[in-house]
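Structure first, commentary second.
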């Protein structure tokens, strides 16, 4: 059974809650960490939000999310880079040590071209990340998001960019939902760990059937992912950070979020 | 522009049509080949169906589908093997040179275990395939089907099983929908071609957004897949067979199927 002190929850998991409600309910449920999505910062400036969350007893784990670098026009790519720099500022103000990157893709543009634009984009924002001491975590997304969300679809591809850009502030957010199917997963997690790339670990489950590509993810234990095994791999690779519950689920969002948080804690104890 | 004589259509693509209607409408639209799904054989025995299709001027390309080998209990796996032997009989009676295998997966069972059961299952039916001169084509499925449809999710994994079982009757059905995202695709197609594994080539498109995991596929040109490029790879690898249009789409199924066949021919000319 994992220690609860490693349990973090994403604000997107409990989307109906305001950030103030998260600050209230997460610690009450035993949750130790919080990853903040940018939409949760609409009503509070990042510095105030960070202070309030810490005062509530929560550790701020990450800010979600930057990225979306690829675009056909150079002006659009430059705008994306500027937006990512502002997001790094937000992460620094919030006191989030990590900014998660959903790297982007353009339907119809070759994935290899998008990957080059992603690499170039990350290279362009790395100095700003370094100046602000904010780590950047590439999140490989499941291949079903290769059309318009990310051209980085495996740990191997994320490792490759980390190798290429070679910065202590560039690493990976490994999410079981995206990578569980990968026959090369254990090897690539080991490689990431050996090279200091494992910055974040996200958990949820894959439902059978999955009724929506984006918003039908499962609570741990509801699906087919062997989370314990993948957790054992990331820990064997040296990862000691939070286990972040990131679930997009219309079904769970429609429930009482206080009871949902209890279900999350219970599922975490049983299935992670 | 591809020659129409390479154009085949799956009965599942025009699901509202009976097999007799397919025999009537496909040749009228200029379609040269047909891949028959087993549900289309419910009203006609395979031998009669095959004769009628050939008399209508269609070449029978494949029978879809066998597979689904993995199961927790040995008795279930044995039943799957028996069912696959019967499906080989159907393919032989139909006069289909190829039986397509959707290999199967069991939610929660390790994918590596399922892959072993798949390999064992194919090994068990290969002698029957050889006795009937029916080729078996492993169809790698997109990783979003790794939970319950197939533990074979890349060309590399299919190549591996072909290498292992080493039979001239075992090869691969490459479907652009399932493999387009794979960074290793060109290499693996080349490898499959060099080893004589390329038995079938399926085409359709990936829609953005995709609203259903199974039945929201696009007509060629409606989505983001560079079909021409992948076709150039399979042809460079020596493939000279049919380009089979396999589209599961509630939207297209709801249209006039005669007009849909015209749209298929037009899309094939323009985007493949």
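For the criterion of being in a helix (DSSP H, G or I) and either within 14 Å of another protein chain (Cβ to nearest Cβ) or touching a strand residue (DSSP E or B) at 6+ places or on another chain (Cβ under 9 Å) (or both), residue B:49 passes. Exactly one residue out of A:167, A:232 is over 16 Å from the mean Cα position of the chain (by Cα) and under 23 Å from residue A:32 (Cβ atoms): that is A:232. Filtering the stretch B:98-116 to residues that are in contact with a strand residue (DSSP E or B) (Cβ under 6 Å, 6 or more places away or on another chain) and either in a loop (DSSP other than H, G, I, E, B) or within 14 Å of chain A (Cβ to nearest Cβ) (or both) leaves B:103, B:104, B:105. Screening residue B:70 on (1) within 30 Å of residue A:224 (Cβ to Cβ); (2) surrounded by 15 or more Cβ atoms within 10 Å (Cβ to Cβ); (3) under 18 Å from the mean Cα position of the chain (by Cα) shows it passes everything except condition (3). Considering A:262, A:186, A:244, the condition of being touching a residue at least 40 places away in the same chain (Cβ under 8 Å), within 12 Å of chain B (Cβ to nearest Cβ), farther than 21 Å from residue A:146 by Cβ and not in a loop (DSSP other than H, G, I, E, B) is satisfied by A:186 alone. Residue check: residue A:11 meets all listed conditions (1) touching a helix residue (DSSP H, G or I) at 6+ places or on another chain (Cβ under 8 Å); (2) farther than 18 Å from residue A:175 by Cβ but one, namely (2).
The set of residues in the stretch B:147-172 that are touching a helix residue (DSSP H, G or I) at 6+ places or on another chain (Cβ under 6 Å) and either within 14 Å of another protein chain (Cβ to nearest Cβ) or in a loop (DSSP other than H, G, I, E, B) (or both) comprises B:151, B:152, B:153, B:155, B:156, B:159, B:161, B:167, B:169. So which residues in the stretch A:181-206 are in contact with a helix residue (DSSP H, G or I) (Cβ under 6 Å, 6 or more places away or on another chain) and within 16 Å of residue A:97 (Cα to Cα), if there are any at all? Passing the criteria: A:197, A:198, A:201. Would the stretch B:67-80 turn up any residue that is within 14 Å of chain A (Cβ to nearest Cβ), within 30 Å of residue A:182 (Cα to Cα) and part of a loop (DSSP other than H, G, I, E, B)? Yes, the conditions are met somewhere in the stretch B:67-80. A residue that is away from chain B (no Cβ under 14 Å), over 27 Å from residue B:178 (Cα atoms) and in a loop (DSSP other than H, G, I, E, B) occurs nowhere in the stretch A:200-220.
Residue by residue, here is whether (1) more than 14 Å from chain A (Cβ to nearest Cβ); (2) buried (at least 21 other Cβ atoms within 10 Å of the Cβ); (3) in a strand (DSSP E or B) holds:
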{"residue": "B:63", "(1), (2), (3)": "yes, yes, yes"}
{"residue": "B:83", "(1), (2), (3)": "yes, no, no"}
{"residue": "B:126", "(1), (2), (3)": "yes, no, no"}
{"residue": "B:140", "(1), (2), (3)": "no, yes, no"}
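Inside the stretch A:85-109, residues that are touching a helix residue (DSSP H, G or I) at 6+ places or on another chain (Cβ under 8 Å) and over 13 Å from residue A:137 (Cβ atoms) make up a count of 10.
Taking the criterion of being surrounded by fewer than 19 Cβ atoms within 10 Å (Cβ to Cβ) and within 13 Å of another protein chain (Cβ to nearest Cβ), the residues of the stretch A:221-232 that qualify are A:221, A:226, A:228, A:229.
Computed from the coordinates by the stated procedures, all read-outs in this text should not be read as laboratory data. Remember, it's a predicted structure, so these values are computed and weren't measured experimentally. For neighbour counting, all protein chains shown are included, and Cβ atoms are generated from backbone atoms with ideal geometry for every residue, glycine included.
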